[in-house]
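Step one of this worksheet: look at the structure below.
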Amino acid sequence: MRGTMMDFPLTLTTILERAGKLFPKSELVSRLADGSLHRSNYGELHGRAYALAEALTRAGLKPGDRVATLCWNHTWHLEAYFGIPLAHGVLHTLNLRLFPQDIAYIVNDAEDRFLIVDDVLLPLYEKFREQVKFERVFVVPFGGGSAAGGHESYEELLKTATGNFRPPAIDEEDAAAMCYTSGTTGFPKGVVYSHRALVLHSMMVALPDACSQSQRDTVMPVVPMFHANAWGWPYSASMIGCKQVFPGCKLDAVSLLELMEKESVTGAAGVPTLWMPMLAELDGQPGRWKLQKDMLIFCGGSAAPEALLRGLDRHGIRMRHSWGMTELTPVGTAALIKKHLQESMSEDELYVQRSKQGLPLPFVEARGVNEQGEIPWDGQAMGELQVRGPFVAGSYYKDREPEKWTEDGWFRTGDVVSIDSEGTLKIVDRSKDVIKSGGEWISSVDLENHLMGHPAVLEAAVIGLPHPKWLERPLAAVVLRPNMKATEEELREWLARKFEKWQVPDGFAFVDEIPRTATGKFLKTKLRKQLAEWKW
């Protein structure tokens with residue numbers, strides 16, 4: 001016996017229609033390149049996304065064609081998020097922080113036909129222009145400039161629309177968007193998101209126990225729209241009707257705080273390296289900033305130090321930890337604290353729990369697997385995290401690296417995880433970063449987070465280097481706070497309060513900065529090369 005429900009496709013068109021018809025006056029605010037604010041709303045977004053869809057169709061876009069964007073976070077980019085899939089095309093966001101030759105590789109691999117680019121990013125485009133073959137390039141006036149160098153105006157493109165566009169029939173399994181992995185372990189791989197995956201992910205992200213989005217909220221995705229869908233916030237917030245605030249290209253602590261204060265932001269999303277300088281600014285000028293009480297910061301990309309959670313709490317800002325990957329659309333977990341734990345745990349125990357990556361979102365199944373099989377939920381055993389679900393990738397574009405999926409259909413994340421008795425995940429390390437010393441595993445993440453709790457330490461990254469006796473030993477690269485000092489012995493004693501002697505790094509390298517990936521994570525492959533000649 002089958003159900004009697006309608007066969008109604010889950011597509012981004014439905015989200016756009018809902019936002020435009022039910023929340024036409026909800027604001028969309030973009031900070032432009034010169035710092036001024038551009039104000040729009042969902043009613044205007046609806047009309048302009050339709051105009052973009054019609055204009056691209058008139059320009060020759062065919063179902064499944066890829067349209068690349070090289071843009072910061074702003075409402076023009078949001079128009080592309082909806083307008084390109086509305087025309088049955090595939091939005092392909094390009095990571096502007098990659099090397100030009102890497103961007104060219106990705107463009108050619110995806111076979112992008114058109115490009116939508118910010119005027120301020122034309123100099124970047126010129127660096128790889130000769131390596132790619134876009135048919136047409138449309139320039140967004142984010143910096144107040146105009147199209148140059150033979151390129152076309154995005155605004156003029158929209159004027160070619162007649163207003164009589166009728167969206168084509170779209171199957172929920174059709175491709176809507178694509179993003180490439182950061183490529184830290186080889187060539188970047190494309191992940192192609194279906195309409196269905198994006199809609200289901202939006203529903204899960206908006207839940208109270210995930211990003212807790214309400215129509216009454218004002219949300220600010222600081223995480224870039226040019227990578228991993230800005231963690232799905234542009235879609236989920238549009239579905240809910242939230243006011244959205246886009247920070248553009250000014251991401252320093254003071255600029256973010258000014259925008260948060262001016263627009264009464266209640267929720268923001270970004271990696272820990274964005275929030276650590278903001279905490280330093282809040283601590284350095286107590287009382288200056290008037291932020292919304294209980295503002296929620298959704299944090300992922302890498303583990304947030306416990307000291308960061310505690311510090312933001314002092315200023316009335318809640319941080320909720322998460323974990324995800326490009327391959328998961330991208331959010332996979334959120335650090336929900338179960339009610340009975342909230343009532344029974346001490347303050348210190350709760351901070352430990354909040355520092356974990358949390359519970360899988362609904363419909364995401366997770367397991368840890370090692371040489372002995374699936375690990376027990378004891379919080380101690382460690383294994384590779386494997387996941388499956390309706391918004392987890394089932395393959396890469398062009399079927400690259402099929403070995404990343406198990407024979408029974410689970411995606412191998414490459415992260416090492418432990419799972420406690422409540423089902424809470426803790427990412428111990430990346431499989432390539434976990435340190436294997438004398439037959440024992442040492443978590444670089446745990447060491448880093450505790451080091452960054454030291455008053456004098458701004459940032460810390462721990463890597464494993466070859467050792468003549470133990471095969472591998474941990475080395476800590478440390479960036480000190482301005483005008484502060486700490487000795488190697490002080491840091492060793494600091495770690496010895498929490499870790500066994502054999503887990504404490506054998507060396508400490510004091511550096512000016514730690515190299516990062518294009519998405520803000522510590523780039524340990526480069527750090528290992530920099531410190532390869534370290535003498536124990």
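The values are calculated or read from the model by the stated rules, or taken from the named source; none is laboratory data. Just so it is clear, the model here is predicted, and its values are computed rather than measured. Using ideal geometry, Cβ is built from the backbone for each residue, glycine included, and neighbour counts are taken over all protein chains shown.
Values as computed for the structure displayed
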| item | result |
| --- | --- |
| Pairs with Cβ under 8 Å, 6+ apart, first in the stretch 301-325 and over 29 Å from Gly389 (Cα atoms) and not assigned by TED's automatic domain parsing to the domain that holds Asn449, second among the β-branched types (Val, Ile, Thr) and not in a strand (DSSP E or B) | Glu306/Val352 |
| Residues within the stretch 377-386 that are surrounded by fewer than 22 Cβ atoms within 10 Å (Cβ to Cβ) and in contact (Cβ under 8 Å) with a residue 40 or more places away in the chain, tallied | 5 |
| Unique residue being touching a Cys at 6+ places or on another chain (Cβ under 9 Å) and among the acidic types (Asp, Glu) when the list is Asp112, Asp118, Asp65, Asp102 | Asp118 |
| Failed condition for Glu489, given (1) outside any loop (DSSP other than H, G, I, E, B); (2) buried (at least 17 other Cβ atoms within 10 Å of the Cβ) | (2) |
| Any hit, the stretch 264-283, residues being touching a Ser or Thr at 6+ places or on another chain (Cβ under 7 Å), crowded, with 19+ Cβ neighbours inside 10 Å and closer than 19 Å to Arg18 by Cβ | no |
| Of all residues in the stretch 472-492 being acidic (Asp, Glu) and within 16 Å of Trp536 (Cβ to Cβ), the one that is nearest to the chain's Cα centre (by Cα) | Glu472 |
| Residues being under 17 Å from the mean Cα position of the chain (by Cα) and free of Cβ contacts under 8 Å to residues at least 40 places away in the same chain - total across the stretch 204-227 | 1 |
| Pick from the stretch 182-199, criterion closer than 15 Å to Asn108 by Cα and assigned to a loop (DSSP other than H, G, I, E, B), ranking: modelled with the lowest pLDDT | Phe187 |
| Residues of the stretch 125-142 that turn out to be closer than 26 Å to Leu37 by Cβ and touching a strand residue (DSSP E or B) at 6+ places or on another chain (Cβ under 7 Å), as a count | 5 |
| When residues of the stretch 36-71 are limited to those that are out of contact with any helix residue (DSSP H, G or I) (no Cβ under 7 Å at 6 or more places or on another chain) and in a loop (DSSP other than H, G, I, E, B), the one farthest from Lys133 (Cα to Cα) | Ser36 |
| Every residue from the stretch 91-105 that is surrounded by fewer than 24 Cβ atoms within 10 Å (Cβ to Cβ) and either more than 17 Å from the chain's Cα centre (by Cα) or small (Gly, Ala, Ser) (or both) | Phe99, Pro100, Gln101, Asp102, Ala104, Tyr105 |
| So Arg196, is it closer than 17 Å to Leu12 by Cβ, in the same structural domain as Met178 (by TED's automatic domain parsing) and either over 19 Å from the mean Cα position of the chain (by Cα) or free of Cβ contacts under 8 Å to residues at least 60 places away in the same chain (or both) | yes |
| Ala33 vs. criteria part of a loop (DSSP other than H, G, I, E, B), closer than 14 Å to Val140 by Cβ and not hydroxyl-bearing (Ser, Thr, Tyr) | yes |
| Test: residue in the stretch 20-31 that is under 25 Å from the mean Cα position of the chain (by Cα) and of a type in the set (Lys, Arg) | yes |
